[in-house]
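Everything below concerns the one structure shown next.
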Amino acid sequence: MSVNFQEKITQLQNNYYKDNTKCLLFKSNQKIDCANTISNAFNKNELFSNTVYILSNTNQLYFDYTFFKTYATPPIFESLVEYIYDLIKQTIKKYKTYDMHINWNTYTISAHDRYKELYSLFLNRYNNCDFNFHDNLNKLYVYYTPNVIQVISKLMAPIIHPVVLSKVTLFNKNESADLLNNLLKNK
(Lines give C-alpha, C1' and ligand atoms only; values in the text may rest on other atoms or scores of the structure.)
Protein backbone atom coordinates (compact mmCIF):
# COMPACT_ATOMS: atom_id res chain seq x y z
CA MET A 1 0.00 0.00 0.00
CA SER A 2 1.33 3.41 -0.85
CA VAL A 3 2.17 5.79 1.96
CA ASN A 4 -0.05 8.43 0.34
CA PHE A 5 -3.06 6.07 0.34
CA GLN A 6 -2.48 5.18 4.00
CA GLU A 7 -2.17 8.89 4.84
CA LYS A 8 -5.55 9.57 3.21
CA ILE A 9 -7.16 6.82 5.29
CA THR A 10 -5.53 8.12 8.48
CA GLN A 11 -6.66 11.67 7.70
CA LEU A 12 -10.25 10.52 7.18
CA GLN A 13 -10.14 8.65 10.50
CA ASN A 14 -8.68 11.66 12.30
CA ASN A 15 -11.32 13.95 10.81
CA TYR A 16 -14.06 11.52 11.76
CA TYR A 17 -12.94 11.33 15.39
CA LYS A 18 -12.40 15.09 15.52
CA ASP A 19 -16.03 15.58 14.49
CA ASN A 20 -17.31 12.64 16.58
CA THR A 21 -15.69 12.36 19.99
CA LYS A 22 -14.47 8.82 20.63
CA CYS A 23 -16.97 6.79 22.60
CA LEU A 24 -15.88 4.96 25.70
CA LEU A 25 -18.96 2.74 25.50
CA PHE A 26 -20.63 1.44 22.36
CA LYS A 27 -17.36 1.79 20.44
CA SER A 28 -18.35 -0.88 17.95
CA ASN A 29 -21.13 1.23 16.41
CA GLN A 30 -18.80 4.19 16.14
CA LYS A 31 -16.09 2.05 14.51
CA ILE A 32 -18.63 0.86 11.95
CA ASP A 33 -19.71 4.45 11.27
CA CYS A 34 -16.08 5.54 10.79
CA ALA A 35 -15.46 2.53 8.53
CA ASN A 36 -18.51 3.53 6.45
CA THR A 37 -17.04 7.01 6.04
CA ILE A 38 -13.80 5.54 4.72
CA SER A 39 -15.51 2.89 2.59
CA ASN A 40 -17.65 5.54 0.91
CA ALA A 41 -14.65 7.76 0.19
CA PHE A 42 -12.75 5.22 -1.94
CA ASN A 43 -13.30 2.79 -4.77
CA LYS A 44 -13.90 -0.59 -3.12
CA ASN A 45 -11.53 -2.40 -5.50
CA GLU A 46 -8.76 -0.06 -4.40
CA LEU A 47 -9.56 -0.89 -0.78
CA PHE A 48 -9.72 -4.62 -1.52
CA SER A 49 -6.44 -4.68 -3.45
CA ASN A 50 -4.70 -3.11 -0.47
CA THR A 51 -6.29 -5.61 1.91
CA VAL A 52 -5.72 -8.95 0.22
CA TYR A 53 -3.34 -9.68 -2.60
CA ILE A 54 -1.07 -12.24 -4.19
CA LEU A 55 2.60 -11.83 -3.33
CA SER A 56 4.57 -11.35 -6.56
CA ASN A 57 5.32 -14.51 -8.49
CA THR A 58 4.18 -16.83 -5.73
CA ASN A 59 1.22 -18.88 -4.64
CA GLN A 60 1.10 -16.82 -1.43
CA LEU A 61 -1.94 -14.68 -0.60
CA TYR A 62 -1.78 -12.04 2.10
CA PHE A 63 -4.70 -10.58 4.07
CA ASP A 64 -4.08 -7.45 6.15
CA TYR A 65 -6.65 -7.16 8.91
CA THR A 66 -5.07 -3.91 10.15
CA PHE A 67 -6.10 -2.25 6.90
CA PHE A 68 -9.35 -4.18 6.47
CA LYS A 69 -10.72 -2.92 9.79
CA THR A 70 -10.40 0.71 8.65
CA TYR A 71 -13.20 0.35 6.11
CA ALA A 72 -14.96 -3.00 6.56
CA THR A 73 -18.74 -2.94 6.97
CA PRO A 74 -21.42 -5.51 6.07
CA PRO A 75 -22.49 -3.84 2.79
CA ILE A 76 -19.11 -4.64 1.20
CA PHE A 77 -18.64 -8.16 2.59
CA GLU A 78 -20.15 -10.00 -0.36
CA SER A 79 -18.03 -8.07 -2.86
CA LEU A 80 -14.91 -8.70 -0.79
CA VAL A 81 -15.65 -12.43 -0.65
CA GLU A 82 -15.96 -12.48 -4.46
CA TYR A 83 -12.69 -10.57 -4.75
CA ILE A 84 -10.87 -13.03 -2.47
CA TYR A 85 -12.31 -16.04 -4.28
CA ASP A 86 -11.14 -14.59 -7.60
CA LEU A 87 -7.61 -14.24 -6.21
CA ILE A 88 -7.67 -17.80 -4.90
CA LYS A 89 -8.94 -19.09 -8.26
CA GLN A 90 -6.20 -17.18 -10.11
CA THR A 91 -3.57 -18.64 -7.82
CA ILE A 92 -4.90 -22.19 -8.06
CA LYS A 93 -5.13 -21.94 -11.84
CA LYS A 94 -1.48 -20.94 -12.04
CA TYR A 95 0.06 -22.94 -9.16
CA LYS A 96 -2.54 -25.63 -8.30
CA THR A 97 -2.21 -24.77 -4.57
CA TYR A 98 -1.90 -21.69 -2.39
CA ASP A 99 -0.88 -20.51 1.07
CA MET A 100 -2.83 -17.86 2.94
CA HIS A 101 -1.11 -15.43 5.31
CA ILE A 102 -3.30 -13.40 7.67
CA ASN A 103 -2.06 -10.45 9.69
CA TRP A 104 -4.45 -10.41 12.66
CA ASN A 105 -2.66 -7.66 14.58
CA THR A 106 -5.12 -5.93 17.00
CA TYR A 107 -7.86 -8.52 16.36
CA THR A 108 -10.26 -8.84 19.31
CA ILE A 109 -13.45 -10.63 20.33
CA SER A 110 -15.48 -7.50 19.54
CA ALA A 111 -13.85 -7.40 16.10
CA HIS A 112 -14.77 -11.03 15.61
CA ASP A 113 -18.37 -10.16 16.41
CA ARG A 114 -18.35 -7.27 13.88
CA TYR A 115 -16.98 -9.49 11.08
CA LYS A 116 -18.63 -12.86 11.74
CA GLU A 117 -21.01 -12.30 8.82
CA LEU A 118 -17.98 -12.06 6.51
CA TYR A 119 -16.68 -15.43 7.73
CA SER A 120 -20.05 -17.06 7.13
CA LEU A 121 -20.26 -15.62 3.62
CA PHE A 122 -16.74 -16.78 2.83
CA LEU A 123 -17.08 -20.26 4.27
CA ASN A 124 -20.49 -20.87 2.76
CA ARG A 125 -19.40 -19.58 -0.64
CA TYR A 126 -17.28 -22.61 -1.51
CA ASN A 127 -20.42 -24.78 -1.61
CA ASN A 128 -21.41 -22.84 -4.74
CA CYS A 129 -17.99 -22.81 -6.41
CA ASP A 130 -16.39 -24.97 -9.02
CA PHE A 131 -13.49 -25.82 -6.70
CA ASN A 132 -12.79 -26.62 -3.08
CA PHE A 133 -10.64 -23.83 -1.74
CA HIS A 134 -9.74 -25.91 1.32
CA ASP A 135 -8.34 -28.85 -0.66
CA ASN A 136 -6.01 -26.56 -2.61
CA LEU A 137 -4.82 -24.78 0.53
CA ASN A 138 -1.30 -25.80 1.61
CA LYS A 139 -1.10 -23.78 4.80
CA LEU A 140 -2.96 -21.01 6.57
CA TYR A 141 -0.59 -18.80 8.57
CA VAL A 142 -1.98 -16.47 11.21
CA TYR A 143 0.32 -13.72 12.49
CA TYR A 144 -0.19 -11.72 15.69
CA THR A 145 -2.43 -14.44 17.02
CA PRO A 146 -4.70 -12.77 19.58
CA ASN A 147 -4.43 -13.71 23.24
CA VAL A 148 -8.09 -14.69 23.08
CA ILE A 149 -7.48 -17.28 20.34
CA GLN A 150 -8.97 -20.08 22.44
CA VAL A 151 -12.31 -18.24 22.59
CA ILE A 152 -12.18 -17.31 18.90
CA SER A 153 -11.22 -20.89 17.98
CA LYS A 154 -14.25 -22.25 19.79
CA LEU A 155 -16.45 -19.82 17.85
CA MET A 156 -14.83 -20.62 14.49
CA ALA A 157 -14.21 -24.39 14.76
CA PRO A 158 -17.79 -25.46 14.00
CA ILE A 159 -17.88 -23.51 10.73
CA ILE A 160 -14.34 -24.17 9.44
CA HIS A 161 -13.74 -27.25 7.35
CA PRO A 162 -11.66 -29.85 9.25
CA VAL A 163 -9.14 -29.95 6.39
CA VAL A 164 -8.45 -26.24 6.93
CA LEU A 165 -8.12 -26.65 10.70
CA SER A 166 -5.33 -29.16 10.15
CA LYS A 167 -3.41 -26.64 8.00
CA VAL A 168 -3.36 -23.68 10.40
CA THR A 169 -0.09 -22.38 11.84
CA LEU A 170 -0.32 -19.69 14.52
CA PHE A 171 2.45 -17.22 15.26
CA ASN A 172 2.48 -15.24 18.49
CA LYS A 173 2.95 -11.49 18.69
CA ASN A 174 6.66 -11.74 19.52
CA GLU A 175 7.62 -13.64 16.37
CA SER A 176 5.14 -12.09 13.94
CA ALA A 177 6.87 -8.79 13.10
CA ASP A 178 10.05 -10.42 11.79
CA LEU A 179 8.18 -13.16 9.94
CA LEU A 180 5.88 -10.64 8.22
CA ASN A 181 8.77 -8.35 7.35
CA ASN A 182 10.51 -11.26 5.65
CA LEU A 183 7.33 -12.34 3.87
CA LEU A 184 6.48 -8.86 2.58
CA LYS A 185 9.90 -7.44 1.80
CA ASN A 186 9.63 -8.32 -1.91
CA LYS A 187 5.87 -8.07 -2.22
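The values are calculated or read from the model by the stated rules, or taken from the named source; none is laboratory data. Note that the structure is a prediction, hence the values are computed from the model and not measured. Cβ: placed from backbone, ideal geometry, glycine included. Neighbour counts: every protein chain shown. Please note that ligands, DNA and RNA were not included when accessible areas were found on the heavy atoms of the full protein model with its side chains. Shrake-Rupley method; radii C 1.70, N 1.55, O 1.52, S 1.80 Å.
Values as computed for the structure displayed
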item	result
Residue in region 167-186 that is modelled with the highest pLDDT, counting only those that are open to solvent by 90 Å² or more (accessible area, probe 1.4 Å) and part of a loop (DSSP other than H, G, I, E, B)	Lys185
Count of region 1-11 residues which are modelled with pLDDT of 85 or more and open to solvent by 60 Å² or more (accessible area, probe 1.4 Å)	3
Qualifying residue in region 23-33 (condition: closer than 26 Å to Thr145 by Cα and buried (at least 16 other Cβ atoms within 10 Å of the Cβ))	yes
Checklist (1) closer than 20 Å to Leu140 by Cβ; (2) loosely packed, with under 13 Cβ neighbours inside 10 Å applied to Asn45, failing item	(1)
One residue from Thr58, Thr70 being within 23 Å of Asn103 (Cβ to Cβ) and in contact with a strand residue (DSSP E or B) (Cβ under 9 Å, 6 or more places away or on another chain)	Thr58
Residues located in region 71-100, provided they are farther than 22 Å from Ser120 by Cβ, hydroxyl-bearing (Ser, Thr, Tyr) and surrounded by 17 or more Cβ atoms within 10 Å (Cβ to Cβ)	Thr91
Those residues of region 91-107 which are within 13 Å of the chain's Cα centre (by Cα) and assigned to a loop (DSSP other than H, G, I, E, B), in sequence order	Trp104, Asn105, Thr106, Tyr107
Helices (runs of 4 or more DSSP H) fully within region 12-84 counting 2 or more residues that are at pLDDT below 90 and either more than 24 Å from Ile109 (Cβ to Cβ) or of a type outside the set (S, T, N, Q) (or both)	27-41
Tally, over region 108-149, of residues that are open to solvent by 80 Å² or more (accessible area, probe 1.4 Å), farther than 20 Å from Phe77 by Cβ and at pLDDT 75 or above	2
